[in-house]
2 protein chains.
Amino acid sequence: VLIDRDVTASLRRMSDERLVEAFHQLPGPRTRHVFEALDAGPQCRLVGRLPQRESVDLFAQLQPDDRARLLDEVPAAVSEQLLSSLDADAREITLTIAGYPHRSTGRAMSPNVVSVTATSSAGDALRHVRRHGATAETVYMLPVLDPDGAVLGVVSLRRLLFSEPETPVGRVMSSPAVSVPASQDQEVSARALRAARLIAAPVVDSAGRLVGVLTVDDAMRILSDAEHEDVARGAGSRPLHEAYPRTSVLELVRARIGWLLVLIIAATLTVNVLDYFEDTLAEVVTLALFVPLLIGTGGNAGAQSATTVVRAMAVGDVGGRDLPRVVLREVTTGLVLGLTLAVVGVVPAAFFADASIAAAVSLSLVVICVLATAVGSATPIVARQVGVDPAVVSAPLISTVVDATGLIVYFLIAQAVLGL
Amino acid sequence: VLIDRDVTASLRRMSDERLVEAFHQLPGPRTRHVFEALDAGPQCRLVGRLPQRESVDLFAQLQPDDRARLLDEVPAAVSEQLLSSLDADAREITLTIAGYPHRSTGRAMSPNVVSVTATSSAGDALRHVRRHGATAETVYMLPVLDPDGAVLGVVSLRRLLFSEPETPVGRVMSSPAVSVPASQDQEVSARALRAARLIAAPVVDSAGRLVGVLTVDDAMRILSDAEHEDVARGAGSRPLHEAYPRTSVLELVRARIGWLLVLIIAATLTVNVLDYFEDTLAEVVTLALFVPLLIGTGGNAGAQSATTVVRAMAVGDVGGRDLPRVVLREVTTGLVLGLTLAVVGVVPAAFFADASIAAAVSLSLVVICVLATAVGSATPIVARQVGVDPAVVSAPLISTVVDATGLIVYFLIAQAVLGL
């Protein structure tokens, strides 16, 4: 069924009253698919405002993982009402999913999975899928189980379809299977799916027994959300729960003020440094002219290093052991960058100030670039090692450290060059 | 077949000699899959160094879109050699794919697609797929064609499998299908696939005729590359073609120096501004203490606005017409943020300087936050409207404009408050 992205996009933006009205104007069979395609935010608003019978119907038609996600968002009273409206089986499945930790693979999987046994023939397996696969999340990836329910391998529907009917499944299955633990972080599982180019992967418990399936569309949603969150956090902001036009100014402020406060408090370090060198500044006021240029360049060079290293870690090219090698490479890069910029930077410096100040600015540019690349490359690696998200801490930490130390370097060099 | 991510990750990092050696040590049947899983960079290095017969074999076993991508990377002589090694059919298909513009959907699609007709029965369609689908990229999404080859709809293999054999395909197909034009930008098509949660979509020419299929694993790769590129560009750096440990310092410098130069030249604007206010600075040197704190806060607030707006545009929540509304909302947010920060910022200012300077700093914080949110929110929307990638221009443009105007605001306010 075609899901009209424009419909969901415009629903996301609507006020509560218009949302309910517009939703009721959708042709009957589409309501379910549009509801499915909405985020938990607008879903929650709809559930609270639609007639109870309708809410209950829409809720029951969701996939168990989407049900669990919606239950997290609605008030407790609504959540109980929704749960009690389900039949016993659906309720149990929903509660099982909701019982996995937040952001775990169990939370994103579907428990509706059809599996086959290694000893059955391809023809029998195909008949089994036809008979029992109607409600399965996918029939394209079939876990192959041993009698204890442990996953031995997987076989694709395609493989079954193209095999001679009498071939045993065990002979055509792929083994070992790429299976993901239910307790594993969703993003890690989604990346594994993407790396192996799979349509779906079996989800297993700690004993290796099949408990569900993670499909590629869930993996894509997980990775897209993770990307959004990383970008928002990299800029010191929390991701928004609702569509932008539906987010109040107060919510925007709340999502941002925390980081701004942290950063402004960290920035008082630069006030400290400049305060310490106030006599030098008073003697040669022209030195102040180059402060924004120098710390700006340091920030930019540091951000470039950090971005490159974060990416290299994400694709597995760089690990914790590589710290010295990576920093050495980045510092060398910083040295070349700094020397190049010094040649360029000396021109405005010579234009606005005298030769000795121009020399101090150029020399500082070199040292600041080396410093920035070192801090920019080391921070994400160390952050990962101590278990902090590199995307979150890199930018503020780098700018704070590089700004403050860069200014110290600048004034020390200036004092030396100018003989103060 | 399980693709060991660790194997490809370690191959990516190796020097040319070790790469060939390690590749030869892989068990025979795995070489093909490992080769497939590598990026074009290491693929290209392998093709240039393996015995010709081996290169030619590996090349022939790639999917046509992967072949086209590799042809872009290798020297012209190698490219001709590889092409001439293919049989006539494979060569024609490869050249067709290579003929589509870079980054178009045609470049990422597979031309190996099996389709069915609307008038055939589900049972016949299934038999047709079994007979002709062996080399198809996917058999799970089957385009349904009219006699002219135009796409009428799609039917999933699952639907066919669960339908009564005599049902006409036209009765069980989904129509209209989510199909993507071969000339359309890859990223747009990949996003459409993700939004509609599809395993694959038919790729059509300008007349709506089927020319290939775009699968979800290609869509995931496209989106992952696009994400990587956006992040790299947002930090003013070009994405790397090779694994980080394989990238030389010179290449790192080349990927970064351009932006740093642009930014440092733009930063001379701040030198200009401070030069203009040098007399004020000379009179009250303490004013210089707060320059990094003020422009840093402006940059942070601007980056938060830009990130939020870029995201809102990406998910379709904000369009060009929303410019005034968005800027108004951001400016209001900026005002609240600025007022909050002013209360906090006044403390260090009062500690390091006298009350009137503290007042000037606090007042400037408010104006700079308003300014930064306005520039930060307007820049991505305007950039999109004039056809420039918001992720590329936002950060440097915002920091340059906000830094320079922020300093002007600060000194004008200081002059007024201090009566200079």
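The values are calculated or read from the model by the stated rules, or taken from the named source; none is laboratory data. Just so you know, these numbers come straight off a predicted model, no measurement behind them. Neighbour counts are summed over all protein chains in view; Cβ atoms, including those assigned to glycine, are modelled from backbone coordinates with ideal geometry. Ligands, DNA and RNA are stripped out before the accessible areas are found, and what is left, the full protein with its side chains, is counted by its heavy atoms. Shrake-Rupley method; radii C 1.70, N 1.55, O 1.52, S 1.80 Å.
Please work out if B:S364 is small (G, A, S) and either surrounded by 21 or more Cβ atoms within 10 Å (Cβ to Cβ) or touching a Phe, Trp or Tyr at 6+ places or on another chain (Cβ under 9 Å) (or both).
The answer is yes for B:S364.
Any chance region A:154-171 includes a residue that's surrounded by fewer than 19 Cβ atoms within 10 Å (Cβ to Cβ), away from chain B (no Cβ under 12 Å), in contact with a strand residue (DSSP E or B) (Cβ under 6 Å, 6 or more places away or on another chain) and charged (D, E, K, R)?
yes
Residues being farther than 15 Å from A:G299 by Cβ and more than 9 Å from chain A (Cβ to nearest Cβ): count how many of those fall in region B:284-304.
1
Taking A:A98, is it touching a residue at least 12 places away in the same chain (Cβ under 8 Å) and either within 30 Å of B:L157 (Cβ to Cβ) or not charged (D, E, K, R) (or both)?
Considered against the rule, which asks whether it is touching a residue at least 12 places away in the same chain (Cβ under 8 Å) and either within 30 Å of B:L157 (Cβ to Cβ) or not charged (D, E, K, R) (or both), A:A98 comes out as yes.
Given the structure, is A:F351 at the interface with chain B (Cβ under 10 Å from one of its Cβ atoms), surrounded by fewer than 20 Cβ atoms within 10 Å (Cβ to Cβ), closer than 25 Å to B:L269 by Cα and among the aromatic types (F, W, Y)?
The answer is yes for A:F351.
Only one of these is outside any helix (DSSP H, G or I) and open to solvent by less than 20 Å² (accessible area, probe 1.4 Å): A:V47, A:V151, A:V129, A:V144. Name it.
A:V144
Going through region A:164-198 one residue at a time, which ones are part of a loop (DSSP other than H, G, I, E, B) and without any contact (Cβ under 8 Å) to a residue 40 or more places away in the chain?
If the condition is that a residue be part of a loop (DSSP other than H, G, I, E, B) and without any contact (Cβ under 8 Å) to a residue 40 or more places away in the chain, then A:S175, A:P176, A:A177, A:V178, A:S179, A:A196, A:R197 are the ones that fit.
Hey, among A:S377, A:S399, A:S356, which residue is in a helix (DSSP H, G or I) and open to solvent by less than 30 Å² (accessible area, probe 1.4 Å)?
Step by step, each of A:S377, A:S399, A:S356 is checked, and only A:S377 is in a helix (DSSP H, G or I) and open to solvent by less than 30 Å² (accessible area, probe 1.4 Å).
Within region B:200-217, which residues are surrounded by 17 or more Cβ atoms within 10 Å (Cβ to Cβ) and either at pLDDT 90 or above or basic (K, R) (or both)?
Once the filter is applied, which keeps residues that are surrounded by 17 or more Cβ atoms within 10 Å (Cβ to Cβ) and either at pLDDT 90 or above or basic (K, R) (or both), region B:200-217 yields B:A200, B:A201, B:P202, B:V203, B:V204, B:L210, B:V211, B:G212, B:V213, B:L214, B:T215, B:V216.
So B:L420 ticks every box in (1) in a helix (DSSP H, G or I); (2) closer than 20 Å to A:L289 by Cβ but one. Which box is left unticked?
It fails just one condition, (1).
Within region A:290-334, restricting attention to residues that are within 30 Å of A:V346 (Cβ to Cβ) and charged (D, E, K, R), which residue is least open to solvent (accessible area, probe 1.4 Å)?
Across region A:290-334, the extreme among qualifying residues is A:E330.
Scanning for something touching a residue at least 12 places away in the same chain (Cβ under 8 Å), more than 15 Å from A:L371 (Cα to Cα), outside any helix (DSSP H, G or I) and facing chain B (nearest Cβ under 7 Å), does region A:305-318 turn up at least one residue?
Checking region A:305-318: at least one residue is touching a residue at least 12 places away in the same chain (Cβ under 8 Å), more than 15 Å from A:L371 (Cα to Cα), outside any helix (DSSP H, G or I) and facing chain B (nearest Cβ under 7 Å).
How many of the residues in region A:101-150 are over 21 Å from A:L198 (Cβ atoms) and within 28 Å of the chain's Cα centre (by Cα)?
2
Quick check on A:L337: is it in contact with a helix residue (DSSP H, G or I) (Cβ under 6 Å, 6 or more places away or on another chain) and facing another protein chain (nearest Cβ under 10 Å)?
Yes, satisfied.
Check A:T31 against each of (1) in contact (Cβ under 8 Å) with a residue 12 or more places away in the chain; (2) surrounded by fewer than 14 Cβ atoms within 10 Å (Cβ to Cβ) and name the one condition it does not meet.
(2)
If a residue has to be of a type outside the set (S, T, N, Q) and within 32 Å of the chain's Cα centre (by Cα) to count, how many in region B:392-418 make the cut?
11
Could you list, in sequence order, the residues of region A:273-289 that are touching a Leu at 6+ places or on another chain (Cβ under 8 Å) and closer than 20 Å to B:E283 by Cβ?
Matches in region A:273-289: A:L274, A:D275, A:F277, A:E278, A:T280, A:L281, A:E283, A:V284, A:V285, A:L287, A:A288, A:L289.
Of all residues in region B:222-241, which are facing chain A (nearest Cβ under 9 Å) and either under 12 Å from A:T308 (Cβ atoms) or in contact (Cβ under 8 Å) with a residue 60 or more places away in the chain (or both)?
Within region B:222-241, B:H228, B:D230, B:V231, B:A232, B:G234, B:A235, B:G236, B:S237, B:P239, B:L240 qualify.
Could you tell me whether any residue of region A:180-197 is facing another protein chain (nearest Cβ under 8 Å), more than 19 Å from B:M220 (Cβ to Cβ) and out of contact with any strand residue (DSSP E or B) (no Cβ under 6 Å at 6 or more places or on another chain)?
Checking region A:180-197: not a single residue is facing another protein chain (nearest Cβ under 8 Å), more than 19 Å from B:M220 (Cβ to Cβ) and out of contact with any strand residue (DSSP E or B) (no Cβ under 6 Å at 6 or more places or on another chain).
Hand me the list of helices (runs of 4 or more DSSP H) wholly inside region B:54-116 holding 2 or more residues that are surrounded by 21 or more Cβ atoms within 10 Å (Cβ to Cβ) and among the charged types (D, E, K, R).
In region B:54-116, B:64-73 are the helices (runs of 4 or more DSSP H) which contain 2 or more residues that are surrounded by 21 or more Cβ atoms within 10 Å (Cβ to Cβ) and among the charged types (D, E, K, R).
Please verify whether region B:266-282 includes one or more residues that are assigned to a helix (DSSP H, G or I), within 19 Å of B:A235 (Cβ to Cβ), open to solvent by 10 Å² or more (accessible area, probe 1.4 Å) and more than 7 Å from chain A (Cβ to nearest Cβ).
yes
Which pairs do you get when a residue that is under 11 Å from B:T286 (Cα atoms), found in region B:345-362, comes within reach of a residue that is of a type in the set (S, T, Y), reach meaning Cβ atoms under 7 angstrom, with the pair 6+ apart or on two chains?
B:A349/B:S362; B:A353/B:T286; B:I357/B:T286
Of the conditions (1) aliphatic (A, V, I, L, M); (2) open to solvent by 10 Å² or more (accessible area, probe 1.4 Å); (3) within 7 Å of chain A (Cβ to nearest Cβ); (4) more than 27 Å from B:E187 (Cβ to Cβ), B:V343 fails just one. Which one is it?
The single condition B:V343 does not satisfy is (3).
Do we find that A:R246 is more than 9 Å from chain B (Cβ to nearest Cβ) and open to solvent by 10 Å² or more (accessible area, probe 1.4 Å) in this structure?
Spelling it out, it is not the case that A:R246 is more than 9 Å from chain B (Cβ to nearest Cβ) and open to solvent by 10 Å² or more (accessible area, probe 1.4 Å).
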